[in-house]
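One structure below.
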Amino acid sequence: MAAHQEKKLAQERKHKTTQNDTQTSQVQWGRAWEVDWFSLASILFLLMFAPLIVYYFIMACDQYQCSLTDPVIDLFTGNKHLSDIWNKTPTLTYRAAGIYSFWVAFQVVLYIFVPDFCHKFLPGYVGGVQEGAVTPAGVVNKYEINGLQAWIITHVLWFANAYYFHFFSPTIIFDNWIPLLWCANILGYTISTFAMIKGYCFPTNAKDCKFTGNFFYDYMMGIEFNPRIGRWFDFKLFFNGRPGIVAWTLINLSYAAKQQELYGQVTNSMILVNVLQGIYVLDFFWNEAWYLKTIDICHDHFGWYLGWGDCVWLPYLYTLQGLYLVYHPVQLGPANAVGILMLGLIGYYIFRVTNHQKDLFRRTDGNCRIWGKKPEYIECSYMSVDGTKYYSKLMTSGFWGWARHFNYTGDLMGSLAYCLACGFAHILPYFYIVYMTILLTHRCIRDEHRCFSKYGKDWKHYTAAVPYRLIPGIF
C-alpha cells in the first residue's frame, strides 16, 4: 500500500508545473544550441573525410588485399596515381541500384505495413505499439516495434533462397559490395538533405526543432528531433535499425558464402564473427523497445550524422572483420577460438545485464531488487520546454554502482573479440575496436554533458556517488 501511494505521488509530481530554471532547461536539453570552434572543425572534418575513410578501407581490401599502408606507399613512391586507383574502382551499376532499391523498399514495407506479431507468441519480448521517452517539447511519440519480426522474415527468405529457390547467389552482397557503396551514399545524402529541408519547411513538431544558425552543424547533427512521415514512419527508428542493422548479419553471411566458394570451407574465425555479431544484432532487435530510451532516440536529432552514418558507415565499417576474412582466411587454434568466444560472451553478458538492470529499475520506478537488494538511487528533476517539471531516478546499485557507463565496457569487450578473431597479420580489422573506444568514450562525455545540463546539481551528486565512467578504479 505504501509503495502504491509513493508511486501515485511520484506521478502527480511528474506533471507539476514550475517556472524555475525554465530558460536553462530550454537552452541545454537536447543537442547544443551554440557551436564552438572545436565542434565546427570536427564536423567539417567528418563531412569531408568520413566518406573518404569508408572508401579507403573498402578500396584497400579490393585492390591491396586489406593493406592500409600499401596504397599510401604506392602513391608516395609514384608507383600509382590517384587516378589509377580510382579507375580500378567498380562503378555504380544498374544491378546494384536494383538490388539496393529493392532492399530498402522491402524494409520500408516490413516496417510500415506489417504490424508486429512476435510479441504475441514470444515470452518476454516487447513489441507492437510502444511509447518513447518525453521529448524536450514534452511530446511522447508512439512507435511500432517490429524490428525482430523484420529480421526474422528477411533471414527466413534469405535461407530459403540459399537452400531451395536459388533466385540469387548468397555471395550477391560481396560480389556487388563497392557498387552498393555508391547506392548507400546516395541514400544517405538524400535522406540527410531531405531531413534538413523538412526541418525548415514542414517539421513534424516545430517545438522540437533546433537551429544553431550554422549550416554545417545543423546539416550534420540535424534540426528535427523526431522527423516523421505519416503516423508511423519515424526516420530515427527506421534508419538506426533498418536497413543497416538488419543487413549486418546478411552481409556476414554473404562473406561466409564467399569464403566457402573460394576456399571450399568456412573458417572458425568467420563462424565466430558471424555468431558474436549475430548475437549483438539479435539483442538489438529483441530489446528494440528498450532502445527507445537510449541516447540516439532521447537526445540526438536526425541529420547527416545518423542518416548517412546508418546507411554507409555502419554497414561498411562494422563488418570489416568478415570482409577481411574473405581475403585472409584465419583458422584459429582451439584454445584461441574458445578464449575469443568467452571474451565475446562475457562482454555481451555485461552489456546485457547492465542494460537489463537499468531497464528493470526504470520500469518498476525503483521498486525491484538488484543483486538481491533494493536498489539505491539519486532522485533528479528536469524541465521540458513548456516549463513542466519531471522527476527521474539515477541508479547507483549493481553494475551502475561500478561505473556510470559499464554497459559500454561490455560492448568494448565484445568489439575486441570480433577483432581478435582475425589474428594479427593486418591492422585493418582492428579499426573497429579503435573506433568504438573513441566513439563510446566521446559518447560518455557527450551524454554526461547533457545530463549535467539537464539535471544540474543533482548530476553532481550522482557523479560523486559513482565516480568512474568505464573502468572501476581507473577511468
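Below are the figures for this structure:
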{"read-out": "Flag if MET270 is open to solvent by 10 Å² or more (accessible area, probe 1.4 Å) and either more than 16 Å from the chain's Cα centre (by Cα) or modelled with pLDDT under 95 (or both)", "value": "no"}
{"read-out": "Residue tally, condition more than 23 Å from TYR468 (Cα to Cα) and either open to solvent by 30 Å² or more (accessible area, probe 1.4 Å) or outside any strand (DSSP E or B) (or both), over region 373-408", "value": "6"}
{"read-out": "Qualifying residue in region 253-266 (condition: within 14 Å of the chain's Cα centre (by Cα) and assigned to a loop (DSSP other than H, G, I, E, B))", "value": "no"}
{"read-out": "Among (1) small (Gly, Ala, Ser); (2) surrounded by fewer than 18 Cβ atoms within 10 Å (Cβ to Cβ); (3) in a strand (DSSP E or B) - the single one GLY132 does not satisfy", "value": "(2)"}
{"read-out": "Candidate set: region 91-127, residues that are surrounded by 12 or more Cβ atoms within 10 Å (Cβ to Cβ) and either charged (D, E, K, R) or not assigned by the TED database to the domain that holds TRP286 (or both); chosen: the one nearest to LEU181 (Cα to Cα)", "value": "ARG95"}
{"read-out": "PHE174 vs. criteria touching a Lys or Arg at 6+ places or on another chain (Cβ under 6 Å), at negative phi and of a type in the set (A, V, I, L, M, F, W, C)", "value": "yes"}
{"read-out": "Residue in region 239-254 that is open to solvent by 30 Å² or more (accessible area, probe 1.4 Å), among the aliphatic types (A, V, I, L, M), in contact (Cβ under 8 Å) with a residue 40 or more places away in the chain and farther than 20 Å from ALA137 by Cβ present", "value": "yes"}
{"read-out": "Residue in region 71-90 that is closer than 30 Å to PHE285 by Cβ, surrounded by 12 or more Cβ atoms within 10 Å (Cβ to Cβ) and not small (Gly, Ala, Ser) present", "value": "no"}
{"read-out": "Members of region 406-421 found to be out of contact with any Gly (no Cβ under 9 Å at 6 or more places or on another chain) and closer than 16 Å to SER269 by Cα, listed by number", "value": "CYS419"}
{"read-out": "Some residue of region 339-362 being assigned to a strand (DSSP E or B) and either crowded, with 22+ Cβ neighbours inside 10 Å or modelled with pLDDT of 90 or more (or both)", "value": "no"}
{"read-out": "Residue in region 215-228 that is basic (Lys, Arg) and open to solvent by less than 10 Å² (accessible area, probe 1.4 Å) present", "value": "no"}
{"read-out": "Some residue of region 425-440 being under 23 Å from LEU314 (Cα atoms), at pLDDT below 90 and not in a loop (DSSP other than H, G, I, E, B)", "value": "yes"}
{"read-out": "Selection status of VAL54, under 30 Å from ARG450 (Cα atoms) and modelled with pLDDT of 95 or more", "value": "yes"}
{"read-out": "Yes/no for GLN130 being under 20 Å from the mean Cα position of the chain (by Cα), assigned by the TED database to the domain that holds PHE239 and without any contact (Cβ under 8 Å) to a residue 40 or more places away in the chain", "value": "no"}
{"read-out": "Cβ-Cβ under 8 Å pairs, at least 6 apart or on other chains, region 31-59 side among the aromatic types (Phe, Trp, Tyr), far side at pLDDT 90 or above and crowded, with 17+ Cβ neighbours inside 10 Å", "value": "TYR55/LEU181; TYR56/PRO71; PHE57/TYR316; PHE57/LEU317; PHE57/LEU320; PHE57/LEU428; PHE57/PHE431"}
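Residue-wise test of (1) among the polar types (S, T, N, Q); (2) closer than 17 Å to ILE173 by Cα; (3) without any contact (Cβ under 8 Å) to a residue 60 or more places away in the chain.
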site: ALA256; (1), (2), (3): no, yes, no
site: ASN287; (1), (2), (3): yes, no, no
site: PHE302; (1), (2), (3): no, no, no
site: LEU323; (1), (2), (3): no, yes, no
site: TYR327; (1), (2), (3): no, yes, no
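Residue-by-condition table, conditions (1) under 25 Å from ILE43 (Cα atoms); (2) not aromatic (Phe, Trp, Tyr):
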{"site": "ASN141", "(1), (2)": "no, yes"}
{"site": "PHE159", "(1), (2)": "no, no"}
{"site": "ASP175", "(1), (2)": "no, yes"}
{"site": "TYR200", "(1), (2)": "yes, no"}
{"site": "LYS207", "(1), (2)": "yes, yes"}
{"site": "TYR217", "(1), (2)": "yes, no"}
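The values are calculated or read from the model by the stated rules, or taken from the named source; none is laboratory data. In this text, all values refer to a predicted model and were calculated from it rather than measured experimentally. Cβ: placed from backbone, ideal geometry, glycine included. Neighbour counts: every protein chain shown. For accessibility, only protein heavy atoms count, side chains too; no ligands or nucleic acids. Shrake-Rupley method; radii C 1.70, N 1.55, O 1.52, S 1.80 Å.
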